[in-house]
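FYI, it's all coordinate maths here, none of it is from the lab. Since we're looking at a predicted model, the values are computed, not measured. Every residue, glycine among them, receives a Cβ derived from its backbone with ideal geometry; neighbour counts consider all protein chains shown.
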Amino acid sequence: MPSRRIAELRQEAVDMFYHGFDNYMDIAFPEDELRPVSCKPLTRSNNPRNIDLNDALGNYSLTLIDSLSTLAILASAPPDNERTGLNALHDFQDGIASLILQYGDGREGSSGQGLKARGFDLDSKVQVFETVIRGVGGLLSAHLFAIGELPIRNYKPRRASSWPWKADVPGEEAPILWSNGFKYDGQLLRLALDLAQRMLPAFYTNTGMPYPRVNLRHGIPFYHRSPLHKGSKTRDGGAGSNEVTETCSAGAGSLVLEFTVLSRLTGDPRFEQLAKRAFWAVWSHRSQLGLLGAGIDAEDGKWIGPYAGIGAGTDSFFEYAFKTHILTSGLAPPNSTVPAGKKPDTWLDPNTLYMPLTSEENSSDSFLEAWKEAHSAIKRHLYSSTHHPHYVVAHLATGSPQTYWIDSLGAYYPGLLAIAGELDEAIETHLLYTALWTRYSALPERWSVRDGTVEGGLGWWPGRPEFIESNYHIFRATQDPWYLHVGEMVLKDIQRRCWAECGWSGLQDVRTGEMSDRMESFFLGETAKYLYLLFDPDHPLNSLDAPYVFTTEGHPLIIPRKSSPKKGTPKAPKSSSLESYHSLENADTCPVPPTMLPLTGSPTAARPDIFHAASLVGLHRVPNYNAMDEMALDTSKSVENQWSQPANHSIYPWTLPSRLVPPNAICARLPIRDTFWIEFPSSSQLASQGFNIALGSQPVVRVNNEGVLIQNLAGLTVAMIEEENSAQFVYDEGPVSKSWRILNIGTTPLGRDEKVFISRETIGPIVDPSFTRVRDPLSVDLVIQVENPHVNKTDGIPSSGLPTSGKIEESLHAETASESLHLEALADLPSDYRTMFSSLLQQVTSALRDPVATLLPQPNQEPKYQLLSIRAHCAVGTGAAPIPAAPEAPDSTAVTNDPLSWTSIYFASHNCDGKLPDRVVRAYNVIVMRRGGCSFSEKLANVPAFHPTAAGLQMVVMVSDDDDHELVRPLLESVQKTPAGMRRAHEVPMVMVGGGEATWGALRKARSLGIRRRYWVESAKGLRVRNLIVV
């Protein structure tokens, strides 16, 4: 894009801002917002239930506070005939003076009383999150610009030579003199401190997460269960006791940037510690998949709803995880002690309710690790590459898709990815939002990927900045002119659709163009700001080599190094409380931008998947009204219905001028993977095909959060999808290029890592031309028969002393097991099946419990035994022997009294110290050894030579301390030898299991052992159904 055109667009962005700002100051100030259509101020509603309005509007001149940092940024405009930079600097300084006149200078004396209030002593019930990001963040950012810590071109703060006042804030210096006669001495910082202190009562919770709302004057009298009210009448109930305590992950966890800067600037540690504690409190409630829900109760920490996404409710949490790492990197550890000196009667410190934060929780590296884990979980469970990359809303615990819509708040995420170095993912996902904007000339609040329409009537666009924010960050990372054209499209659409006589209005419906008559404060604070910065490539902020960040409200923040001296910050130590796992590689360095292909003007426009996003949104089915500049658009009508659809028309690429569009452009094939449905017939038809039918059983049962168990195939429908890079499960033997994955069972979607279990009795031999049951040659299930404490009860006491028919003996050099190891230790087994079937076992065993005692004599009942399955790896290599041909053990759901194949077990510890007694191989079916101390071959060489008999040795079980998913297959590199060094005539079969002490203890409690072969299902093409487990 020519520099002259960029300058024109930059001026249009300046004009856009001033059309809104000047009208606000003339019509609405000192109220919070402006009604641009009716030309009136917008104030708080008298209806306390109107939280959509009252949560943000605190009656403290919100739009001015939100606009100050934008004015400071415009003050660095390059020289022009309109003197944009100088005028913006004067407006910035005049705006601060006007604000101080209304709310005072933050001091205790008469100067602290403003025309409207002393500080923010206002009877306004507001949302903590909105007040911190808009109010506190806006004041702090403007303060940093005013003192020169954030750059303004040609502005050098000039301090007075003498200063008679005493410093209220550590490090306070002489006032800065401005040309309008105002003396700036930190008034905004003191006001930010005043406003933040009014948030403190909300942090008096038992979870560390703040309550969602607070009254700026009265605190939290409506939250009666707060520890703040302990011992008071308020805690016992009364009016307002039903106040909603639901907050969200973003609302509770996205306060760290503002509060950390405030603490570092003022020396007051309360805010930084509270915000970090709230962040870690939310993070600690993530699911086992690493996903965060949207709604969470601040009082009990329970999730409200099972939905996990990247948009509304969770958005800025991920943003603040990574940006906190940037902001605090290289700084000295925070001060965690209360400042000395006299404290006012109103002094509150909710930190006293909790243990101090650890050095790990204060470390910037820990926030980086949280981001990496969060991003890995999002990429694994929420990212969908079907048609074009986008994100779905999934179940917290299972990862199964719950809804197929995207919201406009989620448009921030590509920008965050660009900042974090995940550039390719940022570019591809941003394309979808670009196509969506192109279709509606705005972003609807929620859009259905499945239906291709606005979701649930949520078609408004209140002037949100997230899309243009991401566009700005990706442009900074790539310098691709594509994003300048996208910015031009956004600018023109706003001018065309949102202009009102007194400002810029949001759209009530992007399809019809109906205006909402509200100019939200973030339109001037973020949307106009990012548009301007996009078209000012030489702005000082765009080249600032310092760890500054934009908050989620678009306010630049930095921690001055003189207020927090740089020290060698230690790496965050690993601990069980914060240790993370990563399922994919995260970027640790900034990637090289995409290479400009020859004869192209844009790497993005030259992407082979450029049309995929347009196809998903349906742009090829709507007119290209962005190319019809000469035609007037009637905003009273739906933008989709103003022109007839031209034949064979497609918008490609949809934001570039026609001169840059290749005449015969083609794109890659749409990434729509093969999917098909299998519908099983009725019971009688299945039986004739070799399937076994469990009459009367429930067809599908969810097994905890591991997956589902199919008990009955009759009438069931199953959807499968072919994947190029299959998800790797704990039972996978290695990477595969292609596979099938069960996507849905009936109408129930499955998560990417959810498994489908089906017993071999149910599936039968599979007489089907498309699929075959294949026996796993490398793994078996070791089945352990142990006493079931839920079934065997005598006067309510588990009958652990009942005799067994099995024979167990320890070797003389075997260590004694801990006396504290009871059957309950089986809960620690790493078995994938034991966990999976725990809920089913409870159902089975509950039906087998003894009835309530009666006066009639009861017959003696034989003890029942539970079966536990542990995955066992068969040995491989030259010395490997085949598994003995023993009968199949029952599945893990059984509770039986019949012994399994092998009833005598010998425990040989590590078996590295010499030959075992000869009687062991004659009298015992199984020898159990511990891994380690010597090689597998050396252990087996200490087993005496033997001739196979039914009563003698059948197999060796090796117990490793590794978890099941870390267990490797045992390798026997050489042929098996006897203790005499001769080659064995009869080799010893060997398997290895994981679990360490828990497995060893389970085997010691065993009555008998057996094996159960494992199977998988393959298609006729030889592709495995990777998440189907035959048990």
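So if we plug the beta-carbon distance of E243 and D15 into 1/(1 + (r/R0)^6) with R0 = 60 Å, what FRET efficiency do we get, rounded to 0.05? List each step's numbers first, then the result.
On the way: r = 44 Å, r/R0 = 0.74.
That gives a FRET efficiency of 0.85.
Residue separation times 0.36 nm, minus the C-alpha to C-alpha distance between T358 and R496: what's the value? Working shown, then result.
Numbers: separation 138, 0.36 × 138 = 49.68 nm, distance 5.31 nm.
Result: 44.4 nm gained on full extension.
Any idea how far apart L53 and D898 come out in nm if each label point goes 7 Å out from Cα toward Cβ?
In this crude spin-label approximation the distance works out to 7.5 nm.
What shape does segment 220-333 take by its C-alpha gyration tensor, where a ≥ b ≥ c are the square roots of the eigenvalues and a/c under 1.5 counts as rounded, a/b above b/c as prolate, and the rest as oblate?
On the way: a/c = 2.67, a/b = 1.27, b/c = 2.10.
Judged from the Cα gyration tensor, segment 220-333 comes out oblate (a/c at least 1.5, b/c at or above a/b).
Over every pair of different alpha-carbon atoms in segment 896-1027, take the mean of 1/r and invert it; report that Kirkwood radius in Å. Walk me through the numbers before you get to the answer.
Values: mean 1/r = 0.0617 Å⁻¹.
For segment 896-1027, inverting the mean 1/r across all distinct Cα pairs yields 16.2 Å.
Indicate the gyration tensor shape class of segment 1-206 (rounded, prolate or oblate), computed on the Cα atoms with a ≥ b ≥ c the square roots of the eigenvalues: a/c under 1.5 is rounded; otherwise a/b larger than b/c is prolate and the rest oblate.
Working: a/c = 1.90, a/b = 1.14, b/c = 1.67.
Because a/c hits 1.5 or more and a/b fails to exceed b/c, segment 1-206 counts as oblate.
Less than 10 Å Cβ to Cβ from S737, Lys/Arg counted +1 and Asp/Glu -1: what total charge do the surrounding residues give? Don't jump to the answer; show the numbers that get you there.
Details: positive: K738; negative: E723, E724.
Residues close to S737 contribute a combined charge of -1.
Can you give the net charge of the other residues whose Cβ lies under 15 Å from the Cβ of A397, counting K and R as +1 and D and E as -1?
On the way: positive: R286, K302, R380, R702, R752, K755; negative: E706, D753, E754.
Computed value for this residue: +3.
Pairs to check: K864/K1005; K302/K755; K276/K562; K125/K529; K40/K492; K125/K323. Give those whose C-alpha atoms are more than 18 Å from each other in this structure. Walk me through the numbers before you get to the answer.
On the way: K864/K1005 14 Å; K302/K755 26 Å; K276/K562 22 Å; K125/K529 29 Å; K40/K492 25 Å; K125/K323 29 Å.
Cα-Cα > 18 Å for K302/K755; K276/K562; K125/K529; K40/K492; K125/K323; rest within.
Quick check: residue separation of S336 and A923 times 0.36 nm, minus the Cα distance between them. What number comes out in nm? Each step should come with its number before you reach the end.
Working: separation 587, 0.36 × 587 = 211.32 nm, distance 6.69 nm.
That works out to 204.6 nm of additional length.
Testing the spin-label approximation: label points 7 Å from Cα along Cα→Cβ at D26 and R5. State their distance in nm.
3.3
Quick check: residue separation of S543 and A587 times 0.36 nm, minus the Cα distance between them. What number comes out in nm?
On the way: separation 44, 0.36 × 44 = 15.84 nm, distance 2.20 nm.
That pair, S543 and A587, stretches by 13.6 nm at full extension.
Check each of the trypsin sites (Lys or Arg not before Pro) in segment 272-356 and keep only those in coil by DSSP with at most 10 other C-beta atoms within 10 angstrom; list them in order. Before the final figure, lay out the partial values.
Working: sites: K276, R277, R286, K302, K323, K342; in loops: R286, K302, K342.
Within segment 272-356, the qualifying trypsin sites (Lys or Arg not before Pro) (loop, at most 10 other Cβ atoms within 10 Å) are K342.
Which loop GluC sites (Glu not before Pro) in segment 468-514, with loop taken from DSSP, have no more than 15 other Cβ atoms within 10 angstrom of their Cβ? Spell out each step's value before the answer.
Working: sites: E469, E488, E501, E514; in loops: E501.
Answer by residue number: E501.
What FRET efficiency comes out for the pair S45/W677, r = Cβ-Cβ distance, R0 = 41 Å, nearest 0.05? All intermediate terms of the calculation are to be shown ahead of the outcome.
Values: r = 51 Å, r/R0 = 1.24.
Efficiency computed from Cβ-Cβ geometry: 0.20.
Compare the Cα positions of V1025, M958, V928 along the charge dipole of segment 920-1026 (+1 at Cβ of Lys, Arg; -1 at Cβ of Asp, Glu; about the Cα centre) and return the one farthest towards the positive end.
So the residue furthest toward the plus end is V1025.
Provide the packing ranking of 1011-1017, 895-901, i.e. peptides ordered by the mean count of other C-beta atoms within 10 Å per residue, highest first. Before the final figure, lay out each step's value.
Working: 1011-1017: 20.6, 895-901: 16.3.
Sorting 1011-1017, 895-901 by mean packing, highest first, produces 1011-1017, 895-901.
Run the quick spin-label model on K562 and D424: label points 7 Å from Cα toward the beta carbon, then report their separation in nm to one decimal.
So the label points at K562 and D424 sit 4.6 nm apart.
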